[in-house]
Every structure is written in C-alpha cells, then in structure tokens.
Amino acid sequence: MHELERILWSEVGTKEDYEREIGSVPLGEFVRGIVGMDMAAAKAAFAEYLDTTYLDSRQIYFVNQIVEYIVHNGLMKDMSVL
C-alpha cells in the first residue's frame, strides 16, 4: 500500500489531487471498489468466524453470499444490500 501511495502521490499526482478527485475515501477502499477482492482472501477473512460458529445451511448460504458480494465489489458499505 505504501508503494502504491508513493506512486500515486509523487509520480502520478499528489495526495491533494487524489483527495480533490476521490474525496476522503481511503486508498485501499478505493482500489478494492474498483478491482474487487480475491476469493481466497475473502474466504480466509471469514474462516475463523465460520469455524467457531454453528450455522445451519441457510445461514452458511447467506455468509457465502456476503463473501461473494465482497469479492465482486471490494467491500460492503451499503447494508441495504443484505
């Protein structure tokens, strides 16, 4: 992330340019919103929760839907999609 910040804010433009165009969105959030997230990384992030919680098949399906949404969209800020 530091290398990306260095490139964007010293070779491509400045941090002020970024904030003027994008606003106060953190760089990682901005990038994930564009490219999504790796499925393996998303599954790993939810693995501990799934391993320590008893869920029935409907709940597992729901959690997997959340993981797929995050993979395709990078993050979930709008909870109305639930």
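The values are calculated or read from the model by the stated rules, or taken from the named source; none is laboratory data. Here the structure is a predicted model, which is why all the values come from computation and not from measurement. Heads up, the Cβs are rebuilt from the backbone with ideal geometry, glycines too, and the neighbour counts pull from every protein chain shown.
Among residues belonging to the range 45-56 that are among the hydrophobic types (A, V, I, L, M, F, W, C) and assigned to a helix (DSSP H, G or I), point out the one that is farthest from MET1 (Cα to Cα).
So the residue we want is LEU50.
Look through ARG6, ARG32, ARG20 and report the one residue that is in a helix (DSSP H, G or I), of a type outside the set (Gly, Ala, Ser) and touching a residue at least 40 places away in the same chain (Cβ under 8 Å).
Sole residue among the options that is in a helix (DSSP H, G or I), of a type outside the set (Gly, Ala, Ser) and touching a residue at least 40 places away in the same chain (Cβ under 8 Å): ARG32.
In the range 57-82, which residues are part of a loop (DSSP other than H, G, I, E, B) and within 18 Å of LYS43 (Cβ to Cβ)? Before the answer, list the steps.
Within the range 57-82, the subset part of a loop (DSSP other than H, G, I, E, B) is 74-78, 82.
Across the range 57-82, the qualifying residues are GLY74, LEU75, MET76.
Filter the range 1-57 for residues that are closer than 15 Å to VAL71 by Cβ and loosely packed, with under 10 Cβ neighbours inside 10 Å and give the result.
If the condition is that a residue be closer than 15 Å to VAL71 by Cβ and loosely packed, with under 10 Cβ neighbours inside 10 Å, then ILE34, VAL35, ALA40 are the ones that fit.
Of the residues in the range 26-82, how many are of a type in the set (S, T, N, Q) and within 30 Å of LYS15 (Cβ to Cβ)? Talk me through it step by step, then tell me what you get.
Restricting attention to the range 26-82, the residues satisfying the condition of being of a type in the set (S, T, N, Q) are 52-53, 57, 59, 64-65, 73, 80.
Restricting the remaining residues to those that are within 30 Å of LYS15 (Cβ to Cβ) gives 73.
Of the residues in the range 26-82, 1 are of a type in the set (S, T, N, Q) and within 30 Å of LYS15 (Cβ to Cβ).
If you go through the range 1-56 one residue at a time, how many are among the aliphatic types (A, V, I, L, M), at pLDDT 85 or above and not assigned by TED's automatic domain parsing to the domain that holds GLY74?
Here the count works out to 7.
Checking the structure you have, find out if any residue of the range 36-44 is closer than 17 Å to MET1 by Cβ and in a helix (DSSP H, G or I).
Start the filter on the range 36-44 by keeping residues that are closer than 17 Å to MET1 by Cβ, which leaves 36-38, 41.
Next cut, in a helix (DSSP H, G or I) only: 41.
Yes, because at least one residue in the range 36-44 is closer than 17 Å to MET1 by Cβ and in a helix (DSSP H, G or I).
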